[in-house]
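S.K.: Take this structure first; my questions come after.
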Amino acid sequence: MSMVNAFSRDDFERLDETERALIARREKVLGPAYRLFYEKPLHLVRGEGVFLYDAAGDKYLDAYNNVASLGHCHPRVVEAITKQTAVLNTHTRYLHEGIVDYAEALTATFPEALSQAMFTCTGSEANDLAVRIARHVTGGTGIIATDLAYHGLTSAVAEFSPSLGESVTLGAHVRTIPAPDSYRQSPAEVMEKFGRDVSAAIADLRRHGIKPAMLITDTIFSSDGIFAGPKGFLKPAVDAIHAAGGLFVADEVQPGFGRTGEAMWGFERHGVAPDMVTIGKPMGNGYPMAGIVLRPEVIAEFGPRARYFNTFGGNPVAAAAGKAVLETIRIEGLQQNALEVGRYLMDGLRSLSHPEIGDVRGSGLFIGVEIVADPTAKTPDAALTTRIVNGLRERRVLISASGPNANILKIRPPLVFSRENADMLLDVMGDVLKTV
Ligand SMILES: Cc1ncc(COP(=O)(O)O)c(C=O)c1O
């Protein structure tokens, strides 16, 4: 399966000479596995706040990047990293206050039961660790994930990341279930069906002699197509996995750190209690850091038996970056901003009232816009979606697309996105919709 919004070699000849030369050098030395975004790839050299600048000095409105969640190169984070890099950077085998301060501040943003944290460098590593812990605690091996989930790149995690495509084999111990499609199902159906699908997956695992270890979901279903509601639909699913003796892992790598506006963590919107929460991406606003926050009971046995060390995970510079991120979210009121600007943007997108806009959904600054050929039949229109994404890119506004039919615009700007930025996006989107 090809990646949504990926540059295709078919467009190579249409690029100018400098771009062609850089792509050729890149392919020669990086090999064939990497992908570039857009029909005309972007060559970025600088970022500031919600704007990115290319090599020619052109300015782009970034409505896509959720790593630089506080805005690109946020001064508070840059300063925290710079200062700590100049003083000391070691690892968790020495006593250091930074990591303890940070872990205390981080766990304080979670419900009381989730009171311990372990640090990694990437979200993949966090999910990989979650699998090891879940297997240890439950004695099971079975994993349930959604049809188009992405949870990471290690061997163990790729086995339950179906969005990697058909050439990446799913584990024999993995069962996938459809994401809750709030556009094509009624709220009552969504509420009931997702839990029923998890129960069916548990039954199927058992029939094959596999004991369930965990259910894992991205709590806003980012790669499945962005499904935020109705709130509470996760509850029956979490109850089902708990009743079967398995754990619930909330993957907050994309929706976490205030992005959904209504809560700091996506799972809170559904009123569920995860056993483990995996986090990453915006955690260091670009500094590579990730981790797990969990209930102490879950790690109580695994911890003493399986010693944990991660050379770079939780180092003093990471701790300084992470702390600056949490402080900035609080000081700048970014969760509230995500809520308000997100609502404003979703209302604006709906009021474009274009027949091809089948659905506008999301929470806070995590928005999906489903593009359809026929609003009554709800037929996905991937070709039009690609034209919209590239039309916006030509007009210097950056978004992307996702979903099983590649027809859902994915709008996920830094949390500092203002109403003025939203107006700019809406103006350009209106123009593009008229011309495509
Ligand atoms: C929901 C989700 N989980 C986990 C990961 C893996 O994170 P990383 O790329 O930091 O390994 C990703 C990355 O895109 C993700 O979107």
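The numbers here are math on the coordinates, done by the rules we state, and not lab data. As the structure is a computational prediction, the values presented were derived from the model and not from experiment. For neighbour counting, all protein chains shown are included, and Cβ atoms are generated from backbone atoms with ideal geometry for every residue, glycine included.
S.K.: Please identify the chymotrypsin sites (Phe, Trp or Tyr not before Pro) of the range 25-108 that satisfy two criteria: DSSP loop assignment and at most 13 other Cβ atoms within 10 Å. Which are they?
M.R.: Of the chymotrypsin sites (Phe, Trp or Tyr not before Pro), the ones in loops of the range 25-108 whose Cβ has at most 13 other Cβ atoms within 10 Å are Y34, Y94.
S.K.: Please get the size of the charge dipole for the range 8-133, origin at its Cα centre, with Cβ charges of +1 on Lys and Arg and -1 on Asp and Glu, quoted in debye to the nearest 20.
M.R.: 340 debye
S.K.: Then there's this: If a/c stays under 1.5 just call it rounded; otherwise compare a/b with b/c (prolate if a/b is bigger, oblate if not). Do that for the range 75-331, with a ≥ b ≥ c from the square roots of the Cα gyration tensor eigenvalues.
M.R.: Prolate, since a/c reaches 1.5 and a/b exceeds b/c.
S.K.: By how many nm would the segment from E394 to V436 grow when fully extended, if each residue of separation counts as 0.36 nm and the alpha-carbon distance is taken off?
M.R.: 13.9 nm
S.K.: A24 label point, 7 Å along Cα→Cβ, cut-off 19 Å on backbone N: hits in the range 40-56?
M.R.: 40-43
S.K.: For S161, S115, which order do you get if you count the other beta carbons within 10 Å of each Cβ and list the fewest first?
M.R.: If I rank by nearby Cβ atoms, fewest first, I get S115, S161.
S.K.: Give a residue-ordered list of calculated ³J(HN,Hα) values for the range 21-28 (Karplus: 6.51 cos²θ - 1.76 cosθ + 1.60, θ = phi - 60°; whole Hz; x for Gly, Pro).
M.R.: 5, 5, 5, 5, 4, 4, 5, 5
S.K.: Sorted by average packing, counted as other Cβ atoms within 10 angstrom per residue and highest first, what order do 175-187, 128-140 take? Could the numbers behind the result be given before it?
M.R.: Values: 175-187: 18.2, 128-140: 21.1.
Most protected by this proxy first, the peptides run 128-140, 175-187.
S.K.: Then there is this: Sequence neighbours fewer than 8 away in the same chain don't count; with that in mind, list the lysines whose C-alpha is under 24 Å from K235.
M.R.: Qualifying lysines at Cα under 24 Å: K193, K211.
S.K.: Using a Förster radius of 25 Å, what is the FRET efficiency between F12 and T154 based on their Cβ-Cβ separation? Nearest 0.05, please.
M.R.: It comes to 0.20.
S.K.: Still on this structure, I have one more. Given R₀ = 25 Å, what would the calculated FRET efficiency be for D204 paired with E301, taking r from the Cβ atoms and rounding to 0.05? Let's see the in-between values first.
M.R.: Working: r = 28 Å, r/R0 = 1.13.
Computed FRET efficiency for D204 and E301: 0.35.
S.K.: Cut-off is 10 Å between beta-carbons; in what order do V416, V87, V67, V249 appear when sorted fewest neighbours first? List each step's numbers first, then the result.
M.R.: Numbers: V416 21, V87 10, V67 16, V249 29.
By the 10 Å Cβ count, ascending: V87, V67, V416, V249.
S.K.: Rounded to the nearest 5, what % of DSSP beta bridges with both residues in the chain are antiparallel?
M.R.: Here the antiparallel bridges make up roughly 65 percent for the chain.
S.K.: From Cα pairs below 8 angstrom and at least 6 apart in sequence, can you work out the relative contact order of the chain, rounded to a whole percent?
M.R.: 21 percent
S.K.: Would you please name the trypsin sites (Lys or Arg not before Pro) within the range 303-381 that are DSSP coil residues with at most 11 other C-beta atoms within 10 Å of their C-beta? Working shown, then result.
M.R.: Values: sites: R305, R307, K323, R330, R343, R350, R361, K378; in loops: R307, K378.
Answer in residue order: R307.
S.K.: While we're looking at this one, here's another question. Provide the gained length on full extension for the span R196 to V67, in nm with one decimal, where the gain is 0.36 nm per separating residue minus the Cα-Cα distance.
M.R.: 43.1 nm
S.K.: So, one more: Using a 10 Å cut-off around each Cβ, can you sort K28, K193 from fewest to most neighbouring Cβ atoms?
M.R.: So the ranking, lowest neighbour count to highest, is K28, K193.
S.K.: Full extension from K83 to T379: what is 0.36 nm times the residue separation minus their Cα-Cα distance, to one decimal in nm?
M.R.: Full extension from K83 to T379 adds 101.2 nm.
S.K.: A follow-up question, please. Sum -39500 (n - 2.57) across every DSSP H segment of at least 4 residues in the chain, then divide by the residue count to get the 222 nm mean residue ellipticity, nearest 500.
M.R.: Numbers: 13 runs with 161 residues, N = 436.
For the chain, the value works out to -11500 deg cm²/dmol.
S.K.: Once you charge only the Cβ atoms, +1 for Lys and Arg and -1 for Asp and Glu, what is the size of the charge dipole of the chain about its Cα centre, to the nearest 20 debye?
M.R.: Dipole about the Cα centre, nearest 20: 680 debye.
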